[in-house]
Ligand SMILES: *Cc1c(COP(=O)(O)O)cnc(C)c1O
């Protein structure tokens, strides 16, 4: 027995996890020689595939020259070059890049920037609006702006209050109306959303037009828009950013998971010029007082630069379109199965719900389903009754057949 305390793991009931000794492309190899298709991109981080050669090469080369360097008062090429590249690739109007080391910290930074903006420009707005069912991380601040439930009930006393708008149904009219009314009150500092796909909430999807509508309301009522692209960025939704589908330029954009292609931790919070300018002053109290020890790690920045180079040199859009099509075909086939409902897809992400007989059944089914998939050589982690396939972009048609076949064969 190891001393490890695993994340989201009930050690009292779950079996010892498979031990992974090698990762390559879409596959993980266990110590007993089994091959698993990583159909969830190792919790949504792996984009091109595991150990993508150019990214690993960049890590090796950079580690011959640099390791962690304090990033207050010093700088280095990988960070400077990556910031310029991110500004170039991001939706228009995002001109500054602040580094941290995880999706949660990228969101915390974004929330602090938004509150700082209002404080330093003499405003009084302090309230944060959020969308129902959202997930933005597991730190106290990011839990506060996320959905409340069994996962965070114990920490409720530490969480701050937020204003919630409903998850969009149909054309999203009710959501837009609710947000319009809220924003018109003049007290909302920022709206934070997961654009187009609510990941941990159950791969819930809403139309780009609703995102566009929310952005328009933000604009009309001077509410800062924070786009949490931690999961949706780097092609997951079929374009580079989910915001691109809607032609939306947020004031603040958070990115992490796919930033290094999934090889090594890094995060960035991009800010518009007006957010940066609010902190730009001879008055030291307006400094953005935030850092983490490993901010802008040079090796991680170099990995991200190699990832950027791939996005510029490889036919990424074709690859995403092809994967989306392959996913849709298999999703369509499963949709005919009466045990499933609500098939949905956004870009490379496909999800479908198991029809639920009763709630108790689900708590039982989760671990059993995971075991069933492992038996079939597939790594999947359903979210409640939602089964989703979110694969690395190198996954083949045969791999996907194996994954979707294992889903169709689940007899719970
Ligand atoms: C995963 C995720 C986060 C948190 O990222 P971590 O790196 O796990 O801290 C934040 N927002 C969204 C939308 C995510 O999917």
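The values are calculated or read from the model by the stated rules, or taken from the named source; none is laboratory data. Because the structure is predicted, anything quoted here is derived from the model rather than measured. Here the Cβ positions follow ideal geometry from the backbone for every residue, glycine too, while neighbour counts run over all protein chains shown.
With the condition kept exactly as written, say whether any residue in the range 105-122 is outside any helix (DSSP H, G or I) and either more than 23 Å from residue 261 (Cβ to Cβ) or in contact (Cβ under 8 Å) with a residue 24 or more places away in the chain (or both). Yes, the conditions are met somewhere in the range 105-122. Answer yes or no: is there a residue in the range 82-94 that is closer than 17 Å to residue 279 by Cα, surrounded by 21 or more Cβ atoms within 10 Å (Cβ to Cβ) and in contact with a strand residue (DSSP E or B) (Cβ under 8 Å, 6 or more places away or on another chain). Within the range 82-94, one or more residues are closer than 17 Å to residue 279 by Cα, surrounded by 21 or more Cβ atoms within 10 Å (Cβ to Cβ) and in contact with a strand residue (DSSP E or B) (Cβ under 8 Å, 6 or more places away or on another chain). Scanning the range 97-123 for residues that are under 21 Å from residue 70 (Cβ atoms) and crowded, with 21+ Cβ neighbours inside 10 Å, we see that the one that is farthest from the ligand (Cβ to nearest atom) is 97. Going through the range 11-35 one residue at a time, which ones are closer than 15 Å to residue 394 by Cβ and touching a residue at least 40 places away in the same chain (Cβ under 8 Å)? Residues satisfying the conditions are 25, 26, 28, 35. Residues of the range 78-96 that are farther than 21 Å from residue 257 by Cβ and either within 16 Å of the ligand (Cβ to nearest atom) or without any contact (Cβ under 8 Å) to a residue 60 or more places away in the chain (or both): 80, 84.
Can you name every residue in the range 48-71 that is over 13 Å from residue 306 (Cα atoms) and part of a helix (DSSP H, G or I)? Of everything in the range 48-71, just one residue is over 13 Å from residue 306 (Cα atoms) and part of a helix (DSSP H, G or I), namely 63. Summed over the range 338-355, the residues that are surrounded by fewer than 14 Cβ atoms within 10 Å (Cβ to Cβ) and out of contact with any strand residue (DSSP E or B) (no Cβ under 6 Å at 6 or more places or on another chain) give a count of 2. Tell me yes or no: at least one residue of the range 356-367 is modelled with pLDDT of 95 or more and surrounded by 15 or more Cβ atoms within 10 Å (Cβ to Cβ). The answer is no; no qualifying residue exists.
Inspection of the range 242-250 finds a residue satisfying the criterion of being within 12 Å of the ligand (Cβ to nearest atom) and in contact (Cβ under 8 Å) with a residue 12 or more places away in the chain. Scanning the range 245-284 for residues that are part of a helix (DSSP H, G or I) and surrounded by fewer than 24 Cβ atoms within 10 Å (Cβ to Cβ) gives 245, 246, 273, 274, 276, 277, 278, 279, 284. Look at (1) farther than 30 Å from residue 202 by Cα; (2) surrounded by fewer than 20 Cβ atoms within 10 Å (Cβ to Cβ); (3) in contact with a strand residue (DSSP E or B) (Cβ under 8 Å, 6 or more places away or on another chain) and you find that residue 67 fails only one, number (3). Here 322, 330 are screened, and the one residue that is loosely packed, with under 15 Cβ neighbours inside 10 Å and part of a helix (DSSP H, G or I) is 322.
Considering only the range 124-241, give the helices (runs of 4 or more DSSP H) lying wholly within it that have at least 1 residues that are away from the ligand (no atom under 16 Å from the Cβ). Here the list reads 173-184, 208-220.
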